[in-house]
Structures are given as C-alpha cells and as structure tokens.
Amino acid sequence: MRKLKNKSSPLSSKLKSEVIKVSLTDRFTAFIFKLLRRPSIWFSKNMPQLREDIQKSNLAITPEVHISLVLFFTIISMIPTILGVYVIFAYKSIIGIFLLPIAPIVFALGLIAPKLSQSSRASAIDNELPFVIGYITTLAGGGISPLVTLERLSKVDLYPAIAKEAKRILMDIDVFGMDPVSALDKAARYNPNRALSDFLGGYTSILKTGGDIVSFMESKLKDIFAYRTIKMKSASELIGTFAEAYISIAVILGISFFVLFAVQALLGQGGGASLTSVVIFSVIFIPLVSALFIFMVHSIQPKEPFIYFTPYLVFSFSSIAIPLMFLIPQIPFYTRLGLGLFIAALPAAIFSYRDSSHKKSVESMIPSFLRDVAEIRKTGLAPEKSIEQLANRSYGGLTKYVKIMSAQLSWGVPLRKVMINFSRSVRSWLVRAVAFLLLEVVDVGGGTVKMFGSLADFSQRMSEIEKEKKATLRPYIFIPYFGAVMVVATTIMMIYFVTVPLVGSPTGFNLGVNLGLVTDILLSGAILEAWIMGLVAGKMGEGSIAAGFKHAVALALISLIAIYLTRMFFALPL
C-alpha cells in the first residue's frame, strides 16, 4: 500500500520533470496587461461580442489581454501621428497628412484582428472539407466511433486545418473532461466555417437521436460539393471584379501618369524630377499595387494546404541574371533589363510548367484508376491483386506510378507502405488525399466494392470541380496581357510622336534633355510593368505566382519584340 501511495502517475512525473519555460512574448504580454489592466477590462466589458470572436479565431488569448495589446500598440503608433501634426504646422508639408491616420488604423486593425483570424481559419478548412467528410464517411461505414475518428484525424498531415480542429475537440474531451457529443456540439457553435459548423451540428444531432450516420454523411457530402461549386463561382466573379479594378489602376491610371511624366521629361519640364517619378511609379507603385491585388486574390481563391517551392527557389538563384545583364556593354538599357527578366524567370517557368503538366495528367486519370479497381474488385480479387492487374493499362501521367505500385505489391510490400511511397512521390495534393482515402478504405472497411465505388465517385466529382474551376479562371489570364500590351504600345507611340518634332526641330537638342536616356527609362518601365503583370496573370488564371513565371517570360519577350519591330518602322531616339 505504501508503494501505491508513493507511486505517481506517468503524467504527473512528466510534469514534475519538465521545467515550465515562459517565453519572452508571454512575459511581454503579461507586462502589458499589468500596465493597462483597468482600461482593458473596461473595454472588454463594453465589447461582449469580442469573446465569441476570439473563440472562433485562431487567437489563443483572452479578450482583456487582447485589448491591452491593442491599446499598447495604438499608444506607440501615436508617435508618428503626432509627428505628422508637427510636420503639417511647422513645415507646411503635405507629407504629414500621410502620418495622421496611423494610430487610428492600428487601433482599428487590432479590434478586427479576431475577425481576420476567423476568416483565415474558415478558408483553410474549406479546401479540406470534402476530403474530411469523405474520410469520416469511410470510417463511419467501418463502424469506427467518433472519438477514434477524431484521434486519427488529429494525426493526418494532409489536412493541417482539420487536424487542428480535431485537436481542439480532443483537448475539450481529454483536458476539460467533456463527453464527445458535448465537445462536438461546442465545436459546431464556435467554428467560423459555416459548412463544417452545420456538419458537426447535424452529426451531433444524429448521435443523440441514434439516426443513420452513413446516410447523413453521404447527403452532407453532396451538400459540400454543391457548396464548393457555388463558392468557386462566387470567387471567380469576385476575381473578375478585382481584375477590372487592377486594369483601371495599373493600366489606365498608370498610362495617364506615365504619359504625363514622360511628356514633362521629353519637353524638358521638370527634367530629372519627372524621370525620377517614372522610376518611382514603375519600381515602387506598380509592384505594390500588384502585390496588393495578388494578396486579395489569394484570400478568396480555393487553395491547397501545401505549396511546392521548387519554382520559387529556382527563380531566387536564376534572378542573378538581372544584374549580370547590365554588365553587357553597347546594348540599350531596356534591352538588358528585358533580357535579364526573361532569363531570370525562364528556368522557374520551365519547372512550374512541368509541375503543372504533371499534376494535370495525374489528377485527370486518378478517377479512371479507382473505377477500374472497383470493377476488378467485383470479381472477388483482393485490393492488392486488383492494383496488380492494372499494371499494363495506360493512365497517362499516372501509368508509371501504377506500374511501381504493382511491382512493389508483387514483391510482397504491404499496401500501406506502397500507398505512402506513392503519396510522397506525387506532387499533387489532390492525388495524395485520394491515395490516403484509398488506404483508409482498405484498412478500415476491408476495401469492399461499394467503398471503392464511392471513392471513385468522390474522386470523379472532385476532378470535375477542379476542371470547372480552371475553366472559369482561365479567361482572366488574358486581362493582364491586354494591359501589358497597352502599356508598351502606348509608351512606344508616345515616345515617337513626342520626339519626332524635337528631332526635326533645329533647337530640338538644345532643350537640356537627353532623349536617349528618357527613351531608355520609359521603355524599361514599360517592360518591367509588363513582366509584373505576367505574374499577376498566373495568380489570377491558374491560382499561383509560380504559374505566372511563364506569362512573365512571354510578356517580357513580347515587349522586346514589339519595341524592336517598332524601331524598324519608326526612328526612336537612342
């Protein structure tokens, strides 16, 4: 008895052996809350909705502490605001106006931070939801309990957002002692994703009433497909609106300012200041507007939880070509810039194109492969033998993977190991998710014909949705092309029609203006703007900046060709 009394549990022993470390961020937060405790509590009492907003977000913080941090950073941001007031009254400078709204902006962003976090959490769940519901349906069909399903989901790396949600529910069960149904009910109330919230709410109702869970799952899966299709169309329409706004700002407004600055420089009005304005507009304004537009498009586009960084890494190395091109003598500056941008983006464009082609060929054939497996299963063969029978069939880009899987299975390699190897070798999150579901179908349900048929239907529907998404977004690729061509063509015509009178005039070269330098800067700005628009085209039409490298390459080349073709017919100053 004495030994039993002195014996401590493994968990308590682990807690005693570990030294609790408080991070510097936690200490800073505690200090700020202690400093601003009273106003923070007063604000939080007058903002009852804030607590619920934080519970629905990814912020692990109390409303009072959050308010204290908002107040602290607002107080700090008062310094540039006060400086702006001083600049306005002391120096009569308009620059001070841009400093005035900093403090109010910081305060407003702090208050809406939970809402922004909610939106991020909800959008991360959206893309994974169909697969997760298909996964839960598979396990439910195999008689697996909700608690075991949550534990398995919490360990799945393919669905990072849903894994976090599962860990939240498990924490309520294991740490706070809630029963599984109550924990699911709480998750339904405080989840910002409406589709997942409705699913969890219906799931708990079925568990309470003892209804048919599998039938409920199948009907919910159909609803999720319909919801995903509607949301995809809504996102496409919103991207179209953003595209029109981008063209208005970057092209129409851009051309207006470009022509204004260029005419001033060519006519000698403002000289260096006008050229500086052209450089600032091309190098700072256009990239910032494009980056903002890419961010807004990214926030509404359906996206995968994983990013393949190979094209970006390749570009980071090949971008050395841009400064190297400037070392080449006796070539116009805009030619060196255009060739530098072209060479820098070309290797990344090749890698991105190969990746996208690989994904497209594999994703388009995975439904056919699963359908064939389901048909062979009807003959009574085991799942492993069914896959072996398909080794000699053609599945496009998927063929080599089917041959490898068939060979490994014939050598006696377990199906789990085979599917894990397949999943790691395919650079497609969609195919990896389907492969994971295929493995679960075999592990949990024994790989029945019905389960394989359901999985084939599921993958077919997902493939159709992906194709429809790409077809809907594809027309937006051409909008930046039109914009880039307009910028380059307008710049060339403007240079020609403004410089012809100057060149023909006996006093044309006595204006104190280097026409060759002005031409170089204007054409360089047009090429850079066209190249950036290529990146925007990839994000708009294909969902990633990596896909924009090939469009950037094409637009840089088109710009250079257009300039040199124009010089064959019009005499531009050198």
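At pLDDT 80 or above, of a type in the set (D, E, K, R) and under 28 Å from ILE294 (Cβ atoms): does that describe LYS539? Can you show your working first?
On the way: at pLDDT 80 or above: yes; of a type in the set (D, E, K, R): yes; under 28 Å from ILE294 (Cβ atoms): yes.
Against the criterion (at pLDDT 80 or above, of a type in the set (D, E, K, R) and under 28 Å from ILE294 (Cβ atoms)), LYS539 qualifies.
Every residue in the stretch 399-446 that is within 20 Å of VAL156 (Cβ to Cβ) and part of a loop (DSSP other than H, G, I, E, B), please. First the steps, then the outcome.
The initial filter retains those residues of the stretch 399-446 that are within 20 Å of VAL156 (Cβ to Cβ), namely 414-445.
Correct list: PRO414, VAL426, ARG427, SER428.
If you take the residues of the stretch 48-61 that are in contact (Cβ under 8 Å) with a residue 12 or more places away in the chain and out of contact with any helix residue (DSSP H, G or I) (no Cβ under 7 Å at 6 or more places or on another chain), which of them is surrounded by the most Cβ atoms within 10 Å (Cβ to Cβ)?
Among them, the one singled out is GLN55.
When you check PRO114 against the structure, is it within 27 Å of ILE300 (Cβ to Cβ), buried (at least 19 other Cβ atoms within 10 Å of the Cβ) and not assigned by TED's automatic domain parsing to the domain that holds LEU200, yes or no?
Working: within 27 Å of ILE300 (Cβ to Cβ): yes; buried (at least 19 other Cβ atoms within 10 Å of the Cβ): yes; not assigned by TED's automatic domain parsing to the domain that holds LEU200: yes.
The answer is yes for PRO114.
ALA163 passes all but one of (1) among the aliphatic types (A, V, I, L, M); (2) modelled with pLDDT of 85 or more; (3) outside any helix (DSSP H, G or I); which number fails?
(3)
Consider ILE67 carefully, then state whether it is free of Cβ contacts under 8 Å to residues at least 12 places away in the same chain, closer than 21 Å to LEU35 by Cβ and not basic (Lys, Arg).
Numbers: free of Cβ contacts under 8 Å to residues at least 12 places away in the same chain: no; closer than 21 Å to LEU35 by Cβ: yes; not basic (Lys, Arg): yes.
Taking the combined requirement at face value, the residue does not satisfy it.
Which numbered condition trips up LYS92, out of (1) closer than 21 Å to ALA163 by Cα; (2) without any contact (Cβ under 8 Å) to a residue 40 or more places away in the chain?
So LYS92 meets the others, but not (1).
Given (1) under 30 Å from LEU437 (Cα atoms); (2) free of Cβ contacts under 8 Å to residues at least 24 places away in the same chain; (3) aliphatic (A, V, I, L, M), where does ILE133 come up short, assuming only one miss?
Among (1) under 30 Å from LEU437 (Cα atoms); (2) free of Cβ contacts under 8 Å to residues at least 24 places away in the same chain; (3) aliphatic (A, V, I, L, M), ILE133 violates only (2).
Go through the stretch 282-308 and report how many residues are aromatic (Phe, Trp, Tyr) and farther than 27 Å from LYS231 by Cβ. First the steps, then the outcome.
From the stretch 282-308, those aromatic (Phe, Trp, Tyr) are 285, 293, 295, 306, 308; that's our starting set.
From what's left, farther than 27 Å from LYS231 by Cβ: 285.
Final tally of qualifying residues: 1.
Here's a check for you: in the stretch 70-102, which residue that is touching a Pro at 6+ places or on another chain (Cβ under 7 Å) and assigned to a helix (DSSP H, G or I) is nearest to LEU35 (Cα to Cα)?
Result: LEU71.
So SER410 fits all but one of (1) touching a Lys or Arg at 6+ places or on another chain (Cβ under 9 Å); (2) over 19 Å from PRO367 (Cα atoms); (3) modelled with pLDDT of 75 or more; what number is the exception?
(1)
Can you pull out every residue in the stretch 170-201 that is in a loop (DSSP other than H, G, I, E, B) and either within 23 Å of ALA226 (Cα to Cα) or in contact (Cβ under 8 Å) with a residue 24 or more places away in the chain (or both)? Write out each step before concluding.
So in the stretch 170-201, the residues in a loop (DSSP other than H, G, I, E, B) come out as 175-179, 190-193.
Those that are in a loop (DSSP other than H, G, I, E, B) and either within 23 Å of ALA226 (Cα to Cα) or in contact (Cβ under 8 Å) with a residue 24 or more places away in the chain (or both): TYR190, ASN191, PRO192, ASN193.
Residue under question is LYS467, and the condition is that it be assigned to a helix (DSSP H, G or I), surrounded by fewer than 21 Cβ atoms within 10 Å (Cβ to Cβ), more than 28 Å from the chain's Cα centre (by Cα) and among the charged types (D, E, K, R); does it hold?
Details: assigned to a helix (DSSP H, G or I): yes; surrounded by fewer than 21 Cβ atoms within 10 Å (Cβ to Cβ): yes; more than 28 Å from the chain's Cα centre (by Cα): no; among the charged types (D, E, K, R): yes.
Judged against the criteria, LYS467 is not a match.
Consider ALA349 carefully, then state whether it is among the hydrophobic types (A, V, I, L, M, F, W, C), touching a Lys or Arg at 6+ places or on another chain (Cβ under 7 Å) and not assigned by TED's automatic domain parsing to the domain that holds ALA526. Steps first, answer last, please.
On the way: among the hydrophobic types (A, V, I, L, M, F, W, C): yes; touching a Lys or Arg at 6+ places or on another chain (Cβ under 7 Å): yes; not assigned by TED's automatic domain parsing to the domain that holds ALA526: no.
So ALA349 fails the test.
Check the stretch 307-327 and report whether any residue there is touching a residue at least 40 places away in the same chain (Cβ under 8 Å), in contact with a Leu (Cβ under 7 Å, 6 or more places away or on another chain) and under 30 Å from THR472 (Cβ atoms).
no
Go over the candidates ARG371, ARG336, ARG354 one by one and state the one that is crowded, with 19+ Cβ neighbours inside 10 Å, among the basic types (Lys, Arg) and part of a helix (DSSP H, G or I).
Numbers: ARG371 fails: crowded, with 19+ Cβ neighbours inside 10 Å; ARG354 fails: crowded, with 19+ Cβ neighbours inside 10 Å.
Exactly one of ARG371, ARG336, ARG354 is crowded, with 19+ Cβ neighbours inside 10 Å, among the basic types (Lys, Arg) and part of a helix (DSSP H, G or I), namely ARG336.
Among LEU390, LEU346, which is the only one that is part of a helix (DSSP H, G or I), surrounded by 15 or more Cβ atoms within 10 Å (Cβ to Cβ) and touching a helix residue (DSSP H, G or I) at 6+ places or on another chain (Cβ under 7 Å)? Spell out how you get there, then give the answer.
Working: LEU390 fails: part of a helix (DSSP H, G or I).
None of the others qualify; the one that does is LEU346.
In the stretch 72-100, what residues are of a type outside the set (A, V, I, L, M) and loosely packed, with under 14 Cβ neighbours inside 10 Å?
Taking the stretch 72-100 and keeping what is of a type outside the set (A, V, I, L, M), we get 72-74, 77, 80-81, 84, 86, 89, 91-93, 96, 98.
TYR86, PHE89, TYR91, LYS92, SER93, PHE98, listed by residue number.
The values are calculated or read from the model by the stated rules, or taken from the named source; none is laboratory data. Just so we're clear, the structure is a prediction, and the values are computed from it rather than from any experiment. Glycine also receives a Cβ, built like all others from the backbone with ideal geometry; neighbour counts cover every protein chain displayed.
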